[in-house]
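Everything below concerns the one structure shown next.
What follows is calculated from the coordinates using simple rules that are stated; it is not laboratory data. This one's a predicted model, so the numbers in the text were calculated from it and none came from an experiment. All Cβ positions, glycine included, derive from the backbone under ideal geometry; neighbour counts span all protein chains shown.
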Amino acid sequence: MYNFFAYMARMKYITRWSLMRNSVSENIQEHSHMVAVLAHALAVIRREVFGGIADPEACACAALFHDATEIFTGDLPTPIKYFDPEIRSAYHRVEDAAAEKLLDLLPEELRGAYEPLLREEDGEVRTLVKAADKLAAYLKCREELAAGNSEFADAERETLALLRAMALPEVDWFLENFAGAFGLTLDGLQRG
């Protein structure tokens with residue numbers, strides 16, 4: 001018996017934004033779904049709007065697994081994860097060990113299919129998934145601010161600055177065309 005997918009199902013128990021007061025709690029399973037939707041969208045925008053090369057399906061699939069190692073590591077808060085290069089390097093080693101543990105939970109015949117996803121081996125896919133991950137964080141901040149939770153004001157500004165610094169035209173295009181809707185009420189969304 002192999003436990004890989006049973007562990008994947010436990011992503012719903014790992015809460016994000018643990019140091020912040022949330023209006024609506026978010027777990028890494030929910031987050032990974034949103035990142036997959038956004039990574040797919042960014043790849044489609046790159047391909048259809050800017051004429052670039054991108055594989056939306058590969059981006060969506062990689063995004064579904066981008067935080068899978070947190071099943072074992074938990075979601076380390078950003079201020080700790082990026083506190084200094086030594087901590088960041090140590091955390092990368094922990095993530096690698098967690099990825100190896102997850103791969104060990106699969107039959108040998110399936111490991112080759114999941115290893116590139118858990119280790120984020122494709123550079124172009126990784127770039128779009130990282131952008132989608134930041135974009136999901138930014139949109140979460142916007143939703144929290146729209147709910148009256150000023151706890152996310154600094155995170156929203158900082159995350160937007162990080163998104164802009166990525167200098168990815170598909171991210172800027174998404175922000176210009178879609179991000180504003182994330183602050184609307186249901187009635188506002190229906191009015192278009």
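Pulled fully out, how much extra length does the chain show between Leu110 and Ser150, if you take 0.36 nm times their separation in residues and subtract their Cα-Cα distance?
9.9 nm
Can you work out ³J(HN,Hα) from phi for every residue in the range 158-170, in order, using Karplus 6.51 cos²θ - 1.76 cosθ + 1.60 and θ = phi - 60°, giving whole Hz and x for Gly and Pro?
So the Karplus estimates, Gly and Pro as x, are 5, 5, 4, 4, 5, 5, 5, 5, 5, 6, 9, x, 5 Hz.
Which order results if Met1, Met8 are arranged by neighbouring Cβ count within 10 Å, fewest first?
Details: Met1 3, Met8 17.
So the residues, fewest neighbours to most, are Met1, Met8.
For a quick check of your reading of the filter: which chymotrypsin sites (Phe, Trp or Tyr not before Pro) in the range 1-83 sit in a DSSP loop and have no more than 14 other Cβ atoms within 10 Å?
Working: sites: Tyr2, Phe4, Phe5, Tyr7, Tyr13, Trp17, Phe50, Phe65, Phe72, Tyr82, Phe83; in loops: Tyr2, Trp17, Phe50, Tyr82, Phe83.
Here the chymotrypsin sites (Phe, Trp or Tyr not before Pro) that fit, given the DSSP loop and packing criteria, are Tyr2, Phe50, Tyr82, Phe83.
Where does each of 35-48, 101-114 land if you order them by average Cβ count within 10 Å, highest first? Provide the component values of the computation, followed by the final result.
Details: 35-48: 21.6, 101-114: 13.2.
Peptide ranking by packing, descending: 35-48, 101-114.
What is the angle, in °, between the Cα long axis of helix 108-118 and the longest principal axis of the Cα atoms in the chain? Nearest 10 is fine, range 0 to 90.
30
Quick query: amide H of Asn27 versus all other amide H atoms, modeled in the peptide plane; which residues come in under 5 Å with a sequence gap of 5 or more or a different chain?
The answer is Arg16.
For the chain, what is the charge dipole size about the Cα centre, in debye to the nearest 20, if Lys and Arg each add +1 at the Cβ and Asp and Glu each add -1 at the Cβ?
On the way: 20 positive and 32 negative charges, 78 e Å.
The dipole magnitude comes to about 380 debye.
Which FRET efficiency, nearest 0.05, do Arg119 and Glu176 yield, Cβ-Cβ r, R0 30 Å? List each step's numbers first, then the result.
On the way: r = 33 Å, r/R0 = 1.10.
Rounded to the nearest 0.05, the efficiency is 0.35.
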